[in-house]
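The values are calculated or read from the model by the stated rules, or taken from the named source; none is laboratory data. Owing to the predicted nature of the structure, the values given are computational and were not obtained by experimental measurement. Here Cβ is always computed from backbone atoms with ideal geometry, including for glycine, and neighbour counts include all displayed protein chains. Heavy atoms of the whole protein, side chains included, go into the accessibility calculation; ligands, DNA and RNA do not. Shrake-Rupley method; radii C 1.70, N 1.55, O 1.52, S 1.80 Å.
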Amino acid sequence: MECFEVTGGARLAGRVRVTGAKNSALKLMAAALLAPGRSTIHEVPDILDVSIMSEVLRRLGCDVSYERAPGTGGGRLTIEVPEQPSTETDYDLVRRMRASISVLGPLVARCGSARVALPGGDAIGSRGLDMHISGLERLGATIVSEHGFLVATAPRLTGTSIWLDFPSVGATENLVMAAVLAQGTTVVDNAAREPEIVDLCRMLVEMGARIDGAGTSTITVEGVDSLQPVEVTTVADRIVTGTWAIGAVMTRGDVVIERGVAEHLTVALDKLIDAGATVEALPDGIRVAMEGRPRCVDVVTLPFPGFPTDLQPMAVALAAVSTGTALITENVFEGRFMFVNELVRLGADVRIDGHHAVVRGRERFSSAPVLATDIRAGAGLVLAGLCSDGVTEVQDVHHVDRGYPDFVDQLRGLGARIDRVTRPA
Ligand code: UD1
């Protein structure tokens with residue numbers, strides 16, 4: 001079992017560089033399937049989920065290679081897509097990562113059929129696929145679920161109007177990737193507006209797709225007959241950026257987050273200012289500094305541009321060491337407060353009522369062994385460990401490996417005392 005041993009007391013200070021976003025890179029990789037030939041993606045984070053997605057693509061017949069750019073957390077990924085990709089994904093691989101569902105749209109659009117295992121992923125809620133399925137059905141696909149697989153067929157998709165019940169990131173991406181090769185015009189309404197959607201649409205447009213409205217609630221796609229491979233750079237990871245920003249505030253530090261984009265984190269950075277931090281947008285990054293103990297601020301998670309659900313665990317950890325009381329409301333994933341039990345082991349005063357958490361701040365955490373239940377919960381627990389009175393052992397850190405490149409090295413570079421250790425299971 002791999003663990004982090006985090007020694008409390010250090011103040012995060014210095015510079016840290018953020019590479020491309022996991023949640024974008026994985027979709028750019030899926031989008032490459034839409035065109036035969038070699039696509040190249042820069043600033044792809046060196047994380048477990050990228051290795052899993054690379055393997056998913058290899059099993060579909062692609063040649064995938066990764067070259068690490070030293071000292072950046074990321075690298076260059078090349079995907080050579082065959083004329084005729086296979087249309088069946090590997091059951092065990094897909095179950096390890098929910099984002100693998102994003103190959104469904106490109107495969108049906110390009111090959112007319114796809115057999116994609118029902119995905120797994122983080123244990124943070126039910127995470128249905130109904131909007132992916134009903135949207136593809138509206139585009140003309142027939143979809144059945146059999147033996148743990150979704151099987152989709154469509155000789156040629158046809159443009160249509162789709163209204164999403166909720167601005168789902170994954171559904172928006174899958175439907176746009178399907179619509180780019182459909183016949184005619186598709187309008188996706190109540191679409192997600194995340195920067196990762198804009199990044200994906202930018203790549204698709206460079207491939208030859210006709211897309212209007214990326215980053216707004218209405219995305220219009222004019223189908224084309226074929227696309228070309230491209231070379232693109234992944235947008236910076238706003239969740240990793242936000243993690244370092246919150247870490248700086250919790251530890252009363254001073255951190256420059258290189259490549260962090262302030263406009264992608266407006267609400268979160270405003271909350272940090274309300275908590276007492278100094279936040280400065282720099283030409284190529286963000287500086288976050290904190291003197292003294294932060295104040296509690298209420299947080300409500302919402303689809304972009306709201307406060308990101310992926311930073312909610314860090315927001316709870318921050319409130320738990322701030323002065324006063326905060327109400328944290330989770331609106332995106334119903335299971336996302338599960339990690340709070342672990343934070344309570346560290347002495348946090350948190351009461352959950354449905355999708356609300358009432359957090360009463362304490363001076364510091366009291367170190368204990370805790371379990372990372374998903375990627376972001378793991379990062380939140382490490383930040384809590386930095387504010388504890390001893391050595392906090394965070395277990396099951398393979399979750400953190402899924403989303404944070406060079407996590408230990410980056411934290412050490414900022415002055416944290418953290419070690420990765422292997423314990424007998
Ligand atoms: C993506 C991100 C994840 C982030 C989330 C919300 C990736 C790989 N993951 O996940 O880190 O937390 O966006 O910003 O990009 N839902 C349905 N039916 C559907 C689709 C979604 O009910 O067909 C529900 C989900 O259960 C969830 C909510 O909608 O409660 C949001 O999900 P969605 O926006 O689709 O998130 P993901 O794309 O899975």
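Measure out, as a whole number of angstrom, how far apart the alpha-carbon centroids of the range 221-245 and the range 126-179 sit.
20 Å
Using the charge dipole of the range 22-233 (Lys, Arg: +1 at Cβ; Asp, Glu: -1 at Cβ; taken about the Cα centre), state which of 60, 224, 23 has its Cα farthest towards the positive end.
Of the listed residues, the answer is 60.
Stokes-Einstein D for the range 351-425 at 20 °C, 1.002 mPa s, Kirkwood Rh over Cα pairs, in µm²/s?
Values: Rh = 13.5 Å.
Answer, rounded: 158 µm²/s.
Under 10 °C and 1.306 mPa s, how fast does the range 74-176 diffuse according to Stokes-Einstein, given a Kirkwood radius computed over C-alpha pairs? Answer in µm²/s, whole number. Don't jump to the answer; show the numbers that get you there.
Numbers: Rh = 14.3 Å.
Here the translational diffusion coefficient equals 111 µm²/s.
Quick one: plug the Kirkwood hydrodynamic radius of the chain (C-alpha pairs) into Stokes-Einstein at 10 °C, 1.306 mPa s, and report D in µm²/s.
Estimated via Stokes-Einstein, D reaches 73 µm²/s.
Debye calculation, C-alpha points only, no solvent: report log10 I(q)/I(0) for the range 139-189 at q = 0.14, 0.18, 0.19, 0.23 Å⁻¹, in the same order as the q values.
-0.38, -0.62, -0.68, -0.93
Please list 3J(HN,Hα) in residue order for the range 379-390, calculated via the Karplus relation 6.51 cos²θ - 1.76 cosθ + 1.60 where θ = phi - 60°; whole Hz, with x for glycine and proline.
Per residue, the Karplus-derived 3J(HN,Hα) values read 5, x, 5, 5, 4, 4, x, 5, 10, 9, 8, x Hz.
When the chain is fully extended, how far beyond the present Cα-Cα distance does residue 412 get from residue 156, taking 0.36 nm per residue of separation?
87.0 nm
Please list 3J(HN,Hα) in residue order for the range 133-150, calculated via the Karplus relation 6.51 cos²θ - 1.76 cosθ + 1.60 where θ = phi - 60°; whole Hz, with x for glycine and proline.
5, 5, x, 5, 5, 5, 7, x, 7, 9, 10, 10, 10, 9, 6, x, 10, 9
To the nearest 20 debye, what is the magnitude of the charge dipole of the chain about its Cα centre, counting +1 on the Cβ of each Lys and Arg and -1 on the Cβ of each Asp and Glu?
540 debye
Share of the range 324-374's accessible area from carbon and sulfur, percent, 1.4 Å? Please report the intermediate quantities before stating the final value.
Working: 1190 of 2430 Å².
Solvent-exposed carbon and sulfur of the range 324-374 make up 49 percent of the total.
Rounded to the nearest 10 Å², what accessible area does residue 97 have for a 1.4 Å probe in the complete protein model?
Residue 97 has an accessible surface of roughly 0 Å² with all protein chains in place.
Got a number for the accessible area of residue 111? Probe 1.4 Å, square angstrom, nearest 10.
Surface accessible to solvent at residue 111 totals approximately 50 Å².
Suppose the chain between residue 38 and residue 146 were pulled fully straight at 0.36 nm per residue; how much longer would it get relative to their current alpha carbon spacing?
Between residue 38 and residue 146, full extension yields 35.6 nm more.
How far is helix 169-179 tilted, in degrees, relative to the longest principal axis of the Cα atoms in the chain, given as a value from 0 to 90 rounded to the nearest 10?
20 degrees
Can you give the alpha-carbon Rg of the range 32-134 over 2.2 N^0.38 Å, where N counts its residues?
1.10
Compute the helix-to-body angle for 195-206: its Cα long axis versus the longest principal axis of the chain, expressed 0 to 90° and rounded to tens.
For 195-206 against the chain, the angle is about 30 degrees.
Kindly give the semi-axes, whole Å and largest first, of the ellipsoid equivalent to the range 183-291, taking each as the square root of 5 times a Cα gyration tensor eigenvalue.
The equivalent ellipsoid of the range 183-291 has semi-axes of 36, 15, 8 Å.
Using a 1.4 Å probe, how large is the accessible area of residue 92, given in Å² and rounded to the nearest 10?
Residue 92 exposes around 90 Å² with every protein chain in place.
Could you calculate, for the range 22-233, the ratio of the Cα radius of gyration to the Kirkwood radius, expressed as Rg to Rh?
0.93
Quick one: 3J(HN,Hα) in Hz for the range 302-313, Karplus 6.51/-1.76/1.60 with θ = phi - 60°, rounded, Gly and Pro as x.
Along the range 302-313, the couplings run 8, x, 3, x, x, 5, x, 4, 5, 9, 4, x Hz.
Full-extension gain between residue 329 and residue 356, please, as 0.36 nm times their residue separation minus the C-alpha to C-alpha distance.
Length gained between residue 329 and residue 356: 9.3 nm.
Suppose R0 equals 30 Å. What FRET efficiency, 1/(1 + (r/R0)^6) with r the Cβ-Cβ distance, do residue 84 and residue 51 give to the nearest 0.05?
So, using R0 = 30 Å, E works out to roughly 0.75.
Could you work out how far the C-alpha centroid of the range 52-93 sits from that of the range 365-379, in angstrom?
Using only Cα atoms to place each centre, the spacing works out to 31 Å.
Give the peptides 169-182, 257-270 in descending order of average Cβ contacts within 10 Å, highest first. Present the calculation step by step, with values, prior to reporting the outcome.
Numbers: 169-182: 26.9, 257-270: 20.0.
Listed from highest to lowest mean packing, they are 169-182, 257-270.
Run the dipole for the range 22-233 about the Cα centre, Lys and Arg Cβ at +1, Asp and Glu Cβ at -1, nothing else charged, and hand back the magnitude in debye, nearest 20.
The calculated dipole for the range 22-233 is roughly 140 debye.
Out of 347, 304, 337, whose Cα points farthest toward the positive end of the dipole of the range 304-425 (charges: +1 Lys, Arg; -1 Asp, Glu; placed on Cβ)?
347
Over all distinct alpha-carbon pairs, what is the Kirkwood Rh of the range 232-304 in angstrom? Don't skip to the end; give the middle numbers.
Working: mean 1/r = 0.0809 Å⁻¹.
In the range 232-304 this quantity evaluates to 12.4 Å.
Could you state the accessible area per residue of the range 22-233 in Å², with a 1.4 Å probe and every protein chain left in place?
The answer is 37 Å² per residue.
Treating the Cα atoms of the range 121-225 as identical point scatterers in vacuum, please give the log10 of the normalised Debye intensity I(q)/I(0) at q = 0.20 Å⁻¹, two decimals.
Calculated log10 I(q)/I(0) at the listed q: -1.00.
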